[in-house]
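Written below as structure tokens is the structure these notes are about.
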Amino acid sequence: MNVSSVVANPLDVKTDLLCHIINPESNDALELKSATYDIKSIVDQCIGDLDGRLGKVVTTTTHLEDTPRLLFAGSGSNITPDTIRDIAGVISKRARELKVKQFAIVCPDTKGHHNVVSQIVEGAMLALYDFDDYKIEKADPKPDLTIICKQDVEEAVRMAKLTAEGVIFTRNIANQPPNLCPPAKLVEFADAISQNEKVKCTVLSGSDLTEGGFGGISAVGQGSANTPRLIVLEYNGGDGPPVALVGKAVTFDTGGISLKPGERMDEMKFDKCGGCAVLGTIKAISEIGLPINVVGLIPAVENMPGGQSYRPGDIIRLYGGKTAEILNTDAEGRLILADAIAYAEEQFSPRCIIDLATLTGASIIALGCDTAGMLSDNDDLASDVYESGIRTAENVWRLPLNSDYMEMIKSKVADIRNLGLGKAAGTIVAAAFLKSAVKSTPWLHLDIAGTAWMQSPSKKRSYNVPGATGFGVRLLLDYLRNI
Ligand code: BES
Ligand code: MN
Ligand code: ZN
């Protein structure tokens, strides 16, 4: 989607559809009323009808040659960090419905121009995303967007575009069906990112994994003909130890021998969303050119039942040497992540490790589908990521993880077990397993099982369309930009 910005008076811009965001308490769109006496009454009437109500949109035609159509969108009076993003999405969808080739949004006259501009660009681009790879009839074309602002906001537009493109890249991969997106396919997407000269891609497979000590990845992957990979993407943009981002990529999670029930099992194609978020984030930082180092690790497997599958009762050896008793083959994410996290710490001595995973259904029970679970052994890291969540409206909420929970993964026959006690504290128990893979590096885990794709309890946001949301990319980019 084409997005640009211009410093101008709104009525001096030639556009198919001129859009204003109207706050009931302010005098936005004033220039429309004063500049042209002819349209004052139409504008007054539209704004009156709108009453500033959030989500409401009024459009009108005019006789002005350069501005044939006007659109007013209400913001309500309680403007949150997500309001502008949401309204920009609503406006963009209306612009597409009206089949205009181009539309312009007037940046509301607030203090943080750059933030507002980012939110407009993100909202517009993400709302008009559609996944039509496998349809003959493609979605309607996306109109071009011009942002009209009193200040130069080109840099903010550039950043927001690259951010949204990172999210879109993530959605596109995450939405791929499991038959066409085995672990080897994820390698192709990672390879594409490494076209950027600052990104290096290494892939471990076959005996690299089985003989390299990656007992978790090997065990989970052994039941599938689609063999596992560990994808490593190194972004070199600055000095010092890297931030390690680890993302669960189970290309399809049947549960394995502990088979899942059939209902909604198709959604387990989204069990690769953590890994996809890491791919989109690395792509975006490499294009933005952030002056830091980041390494992305993506353990990619398919969890299938079969003659070669791992079983409940098995004892496996994870990367780093700890043994794990398998009690349920559907608790597979923690096994592949434990390998990748331990490898990240050993290989890269990172300044911190952040992992993202659609790890437990229990996180949906605890937090629903609009907030990700956050667990960490480091308060500073947790508070930074929390703040990024507020700014990006990719909200996270911290759950406790003290030594009591570490007790719950002790095994009688191995060092640890991959299941807790019954259903108690499912999200925390899974995180406790991950924590046991970390030696001394600050670590933070995000359970994105509820937020990674649109599910029935998910809050409707104009910029989250059906399918994968790309959750985590905007959050991580905000965090990485601010360190
Ligand atoms: N990928 C699932 C978690 C999941 C379930 C994500 C539903 C999103 C929606 C994970 O591998 C899993 O199966 N977890 C089990 C763990 C249990 C066996 C301890 C779960 O949540 O039921
Ligand atoms: Mn599972
Ligand atoms: Zn899973």
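The values are calculated or read from the model by the stated rules, or taken from the named source; none is laboratory data. Quick caveat: nothing in here was measured; it's all calculated off a predicted structure. Quick reminder, even Gly has a Cβ in these numbers, built from the backbone with ideal geometry, and neighbours come from all protein chains shown. All accessible areas refer to the heavy atoms of the entire protein, side chains included, with ligands and DNA or RNA removed. Shrake-Rupley method; radii C 1.70, N 1.55, O 1.52, S 1.80 Å.
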Where does the chain land at 222 nm, in deg cm²/dmol rounded to the nearest 500, when only DSSP H runs of n ≥ 4 count, each adding -39500 (n - 2.57), divided by all residues?
-10500 deg cm²/dmol
Here the relative contact order (percent) of the stretch 183-230, from C-alpha pairs under 8 Å and at least 6 apart, is 47
Using only Cα atoms, locate the centre of the stretch 57-127 and the centre of the stretch 442-483, then give the distance between them in Å, rounded to an integer.
23
Given a 1.4 angstrom probe, I'd like the percentage of the accessible area of the stretch 28-145 that is carbon and sulfur, rounded to a whole number.
50
Please list 369-379, 299-309, 148-158 highest first by mean number of surrounding beta-carbon atoms within 10 Å per residue.
299-309, 369-379, 148-158
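Placing unit charges on C-beta atoms (Lys and Arg positive, Asp and Glu negative, everything else neutral), compute the dipole magnitude of the chain about its Cα centre in debye, rounded to 20.
Roughly 640 debye, rounded to the nearest 20.
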How many angstrom lie between the C-alpha centres of the stretch 312-350 and the stretch 378-438?
15
Grab the beta carbon distance between ASN9 and ARG481, set R0 = 30 Å, and tell me the FRET efficiency rounded to 0.05.
0.40
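Highest mean first, how do 469-478, 399-408 rank when packing is the count of other Cβ atoms within 10 Å averaged over residues? Spell out each step's value before the answer.
Details: 469-478: 27.9, 399-408: 14.2.
Highest mean packing first, the order is 469-478, 399-408.
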So, in Å, what gap is there between the alpha-carbon centers of the stretch 224-286 and the stretch 133-157?
28
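Percent of accessible area on the stretch 357-442 owned by carbon and sulfur, 1.4 Å probe?
Details: 2100 of 3960 Å².
Result for the stretch 357-442: 53 percent of the exposed heavy-atom area is carbon or sulfur.
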Quick test of your reading: applying the under-4.7 Å Cβ rule, which cysteines of the chain are isolated?
CYS19, CYS46, CYS181, CYS201, CYS273, CYS276, CYS352, CYS369
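Let me have the relative contact order for the stretch 119-173, percent, based on Cα pairs under 8 Å that are six or more residues apart.
After rounding, I find 61 percent.
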Relative contact order for the stretch 213-328 using alpha-carbon pairs under 8 Å, separation at least 6, rounded to a whole percent?
44
Can you give the % of DSSP beta bridges in the chain that are antiparallel, to the nearest 5?
40
Can you give the extra length, in nm with one decimal, that the chain gains between VAL57 and ILE136 once fully stretched, where that is 0.36 nm per residue apart less the Cα-Cα distance?
25.3 nm
With all protein chains modelled, accessible area of ASP330 [1.4 Å, Å²]:
40
Average accessible area per residue (Å²) across the chain - probe 1.4 Å, nucleic acids and ligands excluded
40
Paramagnetic label zone (point 7 Å from Cα along Cα-to-C-beta, ASP380; backbone N under 16 Å) in the stretch 261-297:
none
